[in-house]
């Protein structure tokens, strides 16, 4: 009997968690103002500033003798961030 109710219990818990997450996200989406498409570049530059300084570039940037490697890594991650941010922004922005 416990084995038969276990999948139902898991499904019920998953549904409850999904409803909680959706109810928490919906007000956040409604509260944020839509961004103008003309502001995407500026918003992404601001958002991506310092991107890659976490663990992404820790190896090259952790070596003081590897300044060129660190700079290259940070530029690559900054470029990747700008690309993804710009695509996402243009997908949701308003003209």
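Read-outs throughout are calculated quantities, based only on the coordinates presented, and are distinct from any laboratory measurement. Computed from a predicted structure; not experimentally measured. Don't worry about glycine lacking a Cβ; one is built from the backbone with ideal geometry, like all the others, and counts go over all protein chains shown.
Annotation for residue 91 and residue 76: the two label points, set 7 Å from Cα along the Cα-Cβ direction, are 2.4 nm apart. Quick check: from the Cα gyration tensor, does segment 34-95 come out rounded (a/c under 1.5), prolate or oblate? Prolate.
Which length gain, in nm to one decimal place, applies between residue 36 and residue 65 when the Cα-Cα distance is subtracted from 0.36 nm times their residue separation? That works out to 6.2 nm of additional length.
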